[in-house]
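The values are calculated or read from the model by the stated rules, or taken from the named source; none is laboratory data. None of these values were measured; they are calculated from a predicted model. No Cβ is skipped: glycine too gets one built from the backbone with ideal geometry, and neighbour counts run over all protein chains shown. Note: accessible area is taken over every heavy atom of the protein model, side chains too, but ligands, DNA and RNA are not part of it. Shrake-Rupley method; radii C 1.70, N 1.55, O 1.52, S 1.80 Å.
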Number of protein chains: 4
Amino acid sequence: MITVSIVNVTSYTGLELLRLLAQHPQFTVTSVTARIVCLPHAAAAQTAITLLEKGTKVVDLSADFRIHDASVYEEWYKHTHPAPLLLETAVYGLSERYRNQIKETNLVANPGCHATAAILGLIPALATGLIDPDIIIDSKTGISGAGRSPSFTTHYSEANEDVSAYSLTGHRHLPEITQELEAAAAVGGHPVNGNLRVTFIPHLIPMTRGILATCYADLKLHASQGVPTTAEMRALYQEYYANEPFINVVDQPPHTKWTYGSNHCFIHPVVDVRTKRLIVISCLDNLVKGASGQAVQNANLLYGLPETSGLASLAVFP
Amino acid sequence: MITVSIVNVTSYTGLELLRLLAQHPQFTVTSVTARIVCLPHAAAAQTAITLLEKGTKVVDLSADFRIHDASVYEEWYKHTHPAPLLLETAVYGLSERYRNQIKETNLVANPGCHATAAILGLIPALATGLIDPDIIIDSKTGISGAGRSPSFTTHYSEANEDVSAYSLTGHRHLPEITQELEAAAAVGGHPVNGNLRVTFIPHLIPMTRGILATCYADLKLHASQGVPTTAEMRALYQEYYANEPFINVVDQPPHTKWTYGSNHCFIHPVVDVRTKRLIVISCLDNLVKGASGQAVQNANLLYGLPETSGLASLAVFP
Amino acid sequence: MITVSIVNVTSYTGLELLRLLAQHPQFTVTSVTARIVCLPHAAAAQTAITLLEKGTKVVDLSADFRIHDASVYEEWYKHTHPAPLLLETAVYGLSERYRNQIKETNLVANPGCHATAAILGLIPALATGLIDPDIIIDSKTGISGAGRSPSFTTHYSEANEDVSAYSLTGHRHLPEITQELEAAAAVGGHPVNGNLRVTFIPHLIPMTRGILATCYADLKLHASQGVPTTAEMRALYQEYYANEPFINVVDQPPHTKWTYGSNHCFIHPVVDVRTKRLIVISCLDNLVKGASGQAVQNANLLYGLPETSGLASLAVFP
Amino acid sequence: MITVSIVNVTSYTGLELLRLLAQHPQFTVTSVTARIVCLPHAAAAQTAITLLEKGTKVVDLSADFRIHDASVYEEWYKHTHPAPLLLETAVYGLSERYRNQIKETNLVANPGCHATAAILGLIPALATGLIDPDIIIDSKTGISGAGRSPSFTTHYSEANEDVSAYSLTGHRHLPEITQELEAAAAVGGHPVNGNLRVTFIPHLIPMTRGILATCYADLKLHASQGVPTTAEMRALYQEYYANEPFINVVDQPPHTKWTYGSNHCFIHPVVDVRTKRLIVISCLDNLVKGASGQAVQNANLLYGLPETSGLASLAVFP
């Protein structure tokens, strides 16, 4: 058994790690060594440094090592980067994109929940050059995404029977989304050359878990070709994710409820023939594939275990 | 007192009319004459015809008379228009746009709930020529919008703790949205000349009441001018709606909860300076300003009463 | 117009008073004089004293003047009573029981929300001597009853999709329930002579508004009579509340949703013939009949206005 | 691997079985043989008979074989018992009570969800003769308990933000509760001799999963002894359930949320010293320990597997 310790286990992501690791065949949670860090930004980095110096592998659930460029980090997180030297080592922990790099590192920067849903929904189209780099992401999240500290925003009587948008002037997941969409386009041979324009607006939904990102982009129109059909687009997505155990490209609008407690992400691309736009619905459980489940997936990669170890359980439905 | 009768009063919009008319100083509900029709499409038109022939004024909450062009209606509603001759008489009942025409007609086509939120959010920018006619409307609705007939979609255990998109290949509110956005642009002196491209995706949210439409459009960039600020955009919206008793242009993201049981619509325009896009959040109670409250507002206009009669009550909060 | 001021208007009961008074024909809210006090216990009494000395009539929504016996108050509220001399003047503001006394006083102690539901449900049976004084009250409340201060208990992700009991060793509404049940039995000619045994257990329900109290008591069995039928019991309740504008004795299990935003209380008595017990379901909106609506009802009585002034609006349904 | 088939797998209990069996190390679900039956009453019995004749072991989730006395069954379920001869073979599948008998039978009658919560909460006190046989059970259930067929009762807009009681004249789980409480008292040496009086009132709560039963009974007062303390009562309960893997006797009021998706039952007994009553709060997930989880527990017993096989996963929280 490999010992794991969770820093800040009373957070929702910490508790969720505990639940997932309890059913993991190789990892056993102890209080001695820390490998998976559920601390707020900056505090997490300090802990990570200490652990790395001891030779411990770390999955960091904070944002501290997600952004490659320290100055971008500092612009969005409003403080000096606590460990800029580690940024070269850190791998962005979107397992589907970087599994080979994750296997080789000792520091994984686990992605943000909104970012995971949006990036997974958009990269097949960007990597194949099918859409213009003008993108709108309208994301809807359950309230557990706001964490466990009581506040007015998360007060039951205020949040129940309510929808609202937040962070309209710029949410902190935007720079990692931008970084990863650019990277996917470049890797696919369709670089956006600084032309990416992403508007990302998150909304708070009266439910505990779940994120559903609705992504919009214009289809590139080539002189010789018409607009692809929804079936063609879906086939392309299915091929792109053909070997992914946690990505399901589906032929009907997915429900966040299908992902409750599971590490799966459901993606549904649709072509709006009237407007020649691509619409992609992408949904997942913000505490599992959007946080702790992906952290376990990354820890499996760090230790050479099967990527799905401890993550096989089905969604709790209804 | 003016007598009113509600056809199909056991629907949610019928019940809501009953509640609103109970506090109305001039209207009294009787079972004799029908003026406000809460029937499904096509059935509503038949009733409306009978009533109009008797000389009764009608507010029709169905979609039968919303679309000026019978062939567009038939394309979207999949049956022959039941009364095409009445389409010239019928006025689209968005009170803020057509109050003068409503005062002169005897047949008001009450708008759809999603349509009301989206149109009110977008027309100031279109009428002043500030945005390109490429528009995305991501709308979120409470479940009462699906009506009172039990179904799988509205089954509590399926709908609770869930978000999903629906009608991805085209929702029936799209043609009235398109019609009214084109009209507003033309009236404002900035006609779109058939170039309007609207993608409208509705989502089902686990709450009973409320609609929040998040609207996205590129700002037109004029050589001589920079991008307007959010404050300038808000000022423009506030001026556009300066005399409207039910439209509130606000400086923070509005909550559907602020509208619970009231006829108010809250609108929050924001300029995304990174992408030079306009984002407009518009929200209302789907059963009040999105249906029965607007019907009362229109009935007030039909009878020359103060437009706010019976609609003064504040939102129920929390 | 009579001027009213609300102390601590940002509380949920304060906001609800604002909503109700906005539609009141005789009261107008100003910031000058204070008549309706929404402060926590003890703080409220201090304000009340100051106001009364100025000759102002006061409806106090705190518990400070509900308990006639200062020593009982001190036992339950854990501090010295702030104004014991006022206890003789104060009238317990259950309007249906004490309307004549309320008309004559200048200090009304507005009842607790759980207490209002339970007392209204039980007094017809106690006053007519039909039940033994061994009573169980299982009460279910929406989360707005916990007030507006964020806490772990009211944190959305903790409270959603959850039911729990609280205050199992004794909730503060118990002494006022006991006091009023004893008084009703005595007034009806069936005094309980210190034999009253009330167990009262409140539960937190994942909804914003509403209280439903399920009350259980053994029927008294008289040698000469059998067990009354449900229909007979209902007839007795209907007669007891025959002239009450806000009390509805109904022949099916009531729903808290029927009371949303309204001042009505629905009561459904049932005889369990197997066990010879009486079961009474009583429900209301905790912020209206359970707090601010009843405060307005009492203010109407204080000023000789029609008791229903400003309280006519129907429940918001669904 | 032992093959299992689920009859009527699209019901909520069928889907939940599928989820639980997917993580079971010994059972594998096939479509060939049926061992676990999720059909409505009477239909289930017919299927069970066919399967038993083939030599298949059956766990029946319907009520058909729960009641030992066919005439009681017929009184409550309003039809002739479909297989009275099997009643002698069938074992009531409350695993904690009847595990030895279950190991020897081939037909298990899986208990009702309300019944499981209430019986587990009450039997330690009844078996030890600590309470009078006058019992009140106030049970609160999530809406998935009403099944998957859309109806008015389960329509989201009607059920959301609402609490109501139902089956006030007698719920079908009452006879199995009565039967099992009597049996537990007798086995413990404190038979109730036909004096058991149980009032059981279920309530519908706006959440998907969870049952919380609040049970009330008078403590027996012995001349020589005082009232036991809460600590003493808890110790007694803890001893009674000392070896039970799924029963947790806890020292604070439990939350249904603690059981979400898990097979655990939390029990909290409290002595109300004012009234000398015992209050027991008992909660579980109605679809797991209240249905499919208990079915797996019983299937484990039927096959001589460890009782916790496939049931180790923690609750999904929050």
(message) So residue B:102 ticks every box in (1) within 14 Å of chain D (Cβ to nearest Cβ); (2) in contact with a Ser or Thr (Cβ under 7 Å, 6 or more places away or on another chain); (3) among the β-branched types (Val, Ile, Thr) but one. Which box is left unticked?
(response) (1)
(request) Return the only residue of B:74, B:96, B:88 being of a type in the set (Asp, Glu) and in contact (Cβ under 8 Å) with a residue 12 or more places away in the chain. (result) B:96
(request) Sort through C:186, C:235, C:213, C:217 and tell me the only one that's in contact with a helix residue (DSSP H, G or I) (Cβ under 8 Å, 6 or more places away or on another chain) and more than 30 Å from residue C:12 (Cα to Cα). (result) C:217
(message) For segment D:227-262, which positions are open to solvent by 60 Å² or more (accessible area, probe 1.4 Å) and not in a helix (DSSP H, G or I)?
(response) D:229, D:242, D:243, D:251, D:252
(request) Looking only at segment C:272-284, count how many residues are outside any strand (DSSP E or B) and either acidic (Asp, Glu) or in contact (Cβ under 8 Å) with a residue 60 or more places away in the chain (or both). (result) 0
(message) Being within 14 Å of chain A (Cβ to nearest Cβ), touching a Pro at 6+ places or on another chain (Cβ under 7 Å) and open to solvent by less than 40 Å² (accessible area, probe 1.4 Å) is the filter here; which residues of segment B:174-197 pass it?
(response) B:192, B:196
(request) Output the residues belonging to segment C:277-318 that are acidic (Asp, Glu) and open to solvent by 10 Å² or more (accessible area, probe 1.4 Å). (result) C:307
(message) Between C:24, C:68, which is within 14 Å of another protein chain (Cβ to nearest Cβ) and of a type outside the set (A, V, I, L, M)?
(response) C:24
(message) Regarding segment B:211-232, can at least one residue be identified that is out of contact with any strand residue (DSSP E or B) (no Cβ under 6 Å at 6 or more places or on another chain) and closer than 26 Å to residue B:300 by Cβ?
(response) no
(request) Could you list, in sequence order, all residues of segment A:235-259 that are in contact with an Asp or Glu (Cβ under 6 Å, 6 or more places away or on another chain) and within 14 Å of chain B (Cβ to nearest Cβ)? (result) A:255, A:256, A:257, A:259
(message) If I ask for residues that are part of a loop (DSSP other than H, G, I, E, B) and of a type in the set (Phe, Trp, Tyr), which ones from segment A:143-195 would you list?
(response) A:152, A:166
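Every residue, every condition in (1) at pLDDT below 95; (2) surrounded by fewer than 24 Cβ atoms within 10 Å (Cβ to Cβ); (3) not in a strand (DSSP E or B), yes or no:
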{"residue": "B:108", "(1), (2), (3)": "no, no, no"}
{"residue": "B:114", "(1), (2), (3)": "no, no, yes"}
{"residue": "B:126", "(1), (2), (3)": "no, no, yes"}
{"residue": "B:134", "(1), (2), (3)": "no, yes, no"}
{"residue": "B:138", "(1), (2), (3)": "no, no, no"}
(request) Those residues that are crowded, with 24+ Cβ neighbours inside 10 Å and among the β-branched types (Val, Ile, Thr), I need them from segment D:149-164; list them, please. (result) D:163
(message) Any residue that is under 30 Å from residue A:312 (Cα atoms) and open to solvent by less than 10 Å² (accessible area, probe 1.4 Å) - is there at least one of those in segment D:60-71?
(response) yes
(request) Considering each of C:155, C:171 in turn, give the residue that is out of contact with any Ser or Thr (no Cβ under 8 Å at 6 or more places or on another chain) and either closer than 30 Å to residue D:257 by Cα or more than 14 Å from every other protein chain (Cβ to nearest Cβ) (or both). (result) C:171
(message) Among the residues of segment D:162-201, what is the count of those that are of a type in the set (Val, Ile, Thr) and touching a Leu at 6+ places or on another chain (Cβ under 8 Å)?
(response) 5
(message) Let me spell it out: the conditions are (1) open to solvent by less than 30 Å² (accessible area, probe 1.4 Å); (2) over 17 Å from the mean Cα position of the chain (by Cα), and residue B:100 meets all of them except one. Which number is the exception?
(response) (1)
(message) Quick check on segment A:78-100. Is at least one of its residues of a type in the set (Phe, Trp, Tyr) and closer than 22 Å to residue A:167 by Cβ?
(response) yes
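Rundown of residues vs (1) among the polar types (S, T, N, Q); (2) more than 14 Å from chain C (Cβ to nearest Cβ); (3) in a loop (DSSP other than H, G, I, E, B), yes/no style:
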| residue | (1), (2), (3) |
| --- | --- |
| D:267 | no, no, no |
| D:270 | no, no, no |
| D:286 | yes, no, yes |
| D:292 | yes, yes, no |
| D:304 | no, yes, yes |
| D:307 | no, yes, yes |
(request) Select from segment C:209-234 the residues that are within 14 Å of another protein chain (Cβ to nearest Cβ) and among the charged types (D, E, K, R) and list them in ascending order. (result) C:209, C:218, C:234
(request) Considering (1) more than 8 Å from every other protein chain (Cβ to nearest Cβ); (2) open to solvent by 10 Å² or more (accessible area, probe 1.4 Å), say which one residue A:274 fails and leave the rest. (result) (1)
(request) Provide a single number: the residues in segment A:87-96 that are out of contact with any Lys or Arg (no Cβ under 7 Å at 6 or more places or on another chain) and surrounded by 20 or more Cβ atoms within 10 Å (Cβ to Cβ). (result) 6
